[in-house]
1. Considering only PRO92, VAL32, LEU57, whose Cα is most displaced toward the positive end of the charge dipole of region 25-95, charges sitting on Cβ of Lys, Arg (+1) and Asp, Glu (-1)?
2. Is there a pair in LYS55/LYS119; LYS50/LYS97; LYS65/LYS97; LYS55/LYS77; LYS55/LYS130 whose C-alpha atoms are over 23 Å apart, and which pairs would that be?
3. State the extension gain, in nm to one decimal, for the chain segment bounded by LYS97 and VAL124, taking 0.36 nm per residue of separation less the distance between their alpha-carbons.
4. When N is the residue count of region 25-95, what does its C-alpha Rg come to as a fraction of 2.2 N^0.38 Å?
5. Show me 91-98, 63-70 ranked by packing, highest mean number of other Cβ atoms within 10 Å first.
6. Using a 7 Å offset from the Cα along the Cα-to-Cβ direction at both SER68 and LYS51, what is the distance between the two label points in nm, to one decimal?
Amino acid sequence: MADTLQEIWDKAIASLEFHRSKEDTPRCEYKVGDKFRLVGQNITKRRPSKKLDNKKLGPFLISEKISSHIYHMELPKTMQTYNVFHINLLTPFTEDKNIHRRQARPPPIVTEGGEEEYKVDHVVTWEQWKNSLY
């Protein structure tokens, strides 16, 4: 009986060491100048609905590798966020090969108050409902 308990104990220790070593190694290594996307879970954004907001932000460039799990990156000044993130919040950026799917977003105009503002070229359609225009 002592042999079976020792075997079970050895299997448990081996399983713990395997999972611990898996957690300690980073998912992938980034280099300075690589493009990546940032998971926006703890970043305040100006969208009224969190459900419809972008889940990943970017692409951004890595400016410095601080440690094996922490990276310093170049963010736009309009984000007003501390620019050091853990490797779990970074995902590699892959450029879309199909040109027809790429959509360049216009850069936002930043007002003096630090808010983003877009200019409207023309109104495509509108609808009136309960004396309000939509």
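What follows is calculated from the coordinates using simple rules that are stated; it is not laboratory data. Because the structure is predicted, anything quoted here is derived from the model rather than measured. Note that we place each Cβ from the backbone using ideal geometry, even for glycine, and neighbour counts take in every protein chain shown.
1. LEU57
2. Details: LYS55/LYS119 25 Å; LYS50/LYS97 29 Å; LYS65/LYS97 28 Å; LYS55/LYS77 20 Å; LYS55/LYS130 34 Å.
Beyond 23 Å between Cα atoms: LYS55/LYS119; LYS50/LYS97; LYS65/LYS97; LYS55/LYS130.
3. My answer for the length gained is 6.7 nm.
4. Normalised Cα radius of gyration, region 25-95: 1.10.
5. Result, highest mean first: 63-70, 91-98.
6. 4.2
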